[in-house]
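All of the numbers you see were taken from the coordinates with simple rules; none came from a lab. Only a predicted model underlies this, so the values are computations on that prediction, with no experimental measurement involved. Note: ideal-geometry Cβ built from the backbone for every residue, glycine included; neighbour counts use all protein chains shown.
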Amino acid sequence: MKSRAGRMALAVVMLTAVAACTSDPSTEEDPAPTVTPQPTKETEATDLSEHESGPENPIAYGLFVPQGAAQLGPLFRYRSPRLISAYRPELDAAQAQKDAEAAERIAEDEAKGTPSPTPTPTPTTRPSPDSFKLLEEPPRPDTTISLMRIDGDPDVVVRRMLAQMSAAVPDADVQLDDLSAYCTSKDRRITGCRAVVRGLTEGNRDIKVTMGVDPGRLSTRTAPPAALTHPVMQVTVEYVGDPRAGQLASDTGSLKDIPEVSADGDKSGLIWPKMDEDAPLTTKLVHGWTVPSDATLLLSSFTPEFAAVTTPRATNADRIAEQYVLSHSPDGRLTKDVTEDLNSVSTMYAVRTKNGSIARAVYILSARGNYTALFYTPREK
């Protein structure tokens, strides 16, 4: 294991306060609290309890859903472009070998006068096989995303997540008593939070953890659709070291020495604004996308931009993912990568837009259900 000094050289913490795109630019006072309207057919909340995972549900590298939060849907995992590129030469070589063997068999059959059998088409209702199935050990996904609704005190829940990030990267200087280091505000009301930590774990794993929190639109006191008027949180965990080295050890484990977080520990003086209602399901999300009628929205966020849905039919979930990404493709092409796990199959679609942003969707087929998550990541300035 490297020394603490060595880890300090590599550990980087980027503590970035990002203004929510939906913050109010005006100088008017916040409107007085109003009575939450009675649910209508359009806004009535759906019971999503069967799609929730409670506190302690593992995410990656020892990180877990904090007390006071609920994860909606499964973990969305995929292979990063760096990981795919690292293993592409092996995959191409394996495919070339397979093609050569197939051509040789056809030539032998033709020489014997025996027609080669016509391949049986794969049913369209089944997911594609693992993109790296030709390799003896296909690379595991190196990126994991958890989408959470904050049901408890958001001040405490967010700092609990920060405490986990501090424990995951011991040499990162994470502030646990000052939310203003990560959250932007207007008139002391929080408009959005973002924290990024990168460095070595105790097991010398080079990771990056990004936390984004959306409390809702302060100007209209409206939460994202399906948020139940609560703040929502996205936590992304990535292995950012050498892609091949990242495959040599597991990304599971437990954290040591997680700092304690007290209810009155924040000294920033910032306030979490109360939302009166959720935005309607017709609201445009993730760069213009709206929820189709054949899907149930599990959770969404204005900033960072994401939406997660479940569908009764697997083909619908897959179609939603592919069409969302294609709608952002300048030439109609996209990247597709399929990962097979013990209990699920994940299909990732992605494209880089003309302005350098990334539109990505992950579709999961599992015994638990069919899920699709859509993400839109603006180009870093």
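Along the charge dipole of region 232-306, which of Ala249, Phe302, Ala263 sits closest to the positive end, that is, farthest toward it, with unit charges on the beta carbon of Lys, Arg, Asp and Glu (+1, +1, -1, -1)?
Result: Ala249, furthest along the dipole toward the positive end.
I'd like the per residue volume of the convex hull spanned by the Cα atoms of region 191-244, given in cubic angstrom.
97
If the viscosity is 1.002 mPa s and the temperature 20 °C, what translational diffusion coefficient in µm²/s does Stokes-Einstein give for region 161-311 when Rh comes from Kirkwood over Cα pairs?
124
Counting other Cβ atoms within 10 Å, keep those with at most 15, restrict to DSSP loop, and tell me which trypsin sites (Lys or Arg not before Pro) in region 234-324 are left.
Taking region 234-324 and a limit of 15 other Cβ atoms within 10 Å, the loop trypsin sites (Lys or Arg not before Pro) found are Arg244, Lys256, Lys267, Lys274, Lys284, Arg313.
Can you list the residues, at least 5 places off or on another chain, whose amide H is less than 5 Å from the amide H of Lys186, using H built in the peptide plane?
Those lying under 5 Å, H to H, from Lys186 are Thr191.
Taking the Cα centre as origin and putting +1 on Lys and Arg beta-carbons and -1 on Asp and Glu beta-carbons, what dipole magnitude results for region 325-365, to the nearest 20 debye?
Using Cβ point charges on Lys, Arg, Asp and Glu, region 325-365 gives about 280 debye.
Over all directions, what mean area does the Cα convex hull of region 248-336 project, stated in square nanometres?
11.5
Counting only pairs 8 or more places apart or on different chains, how many lysine pairs in region 131-274 have C-alpha atoms closer than 27 Å?
Taking region 131-274 as the scope, the lysine pair count is 5.
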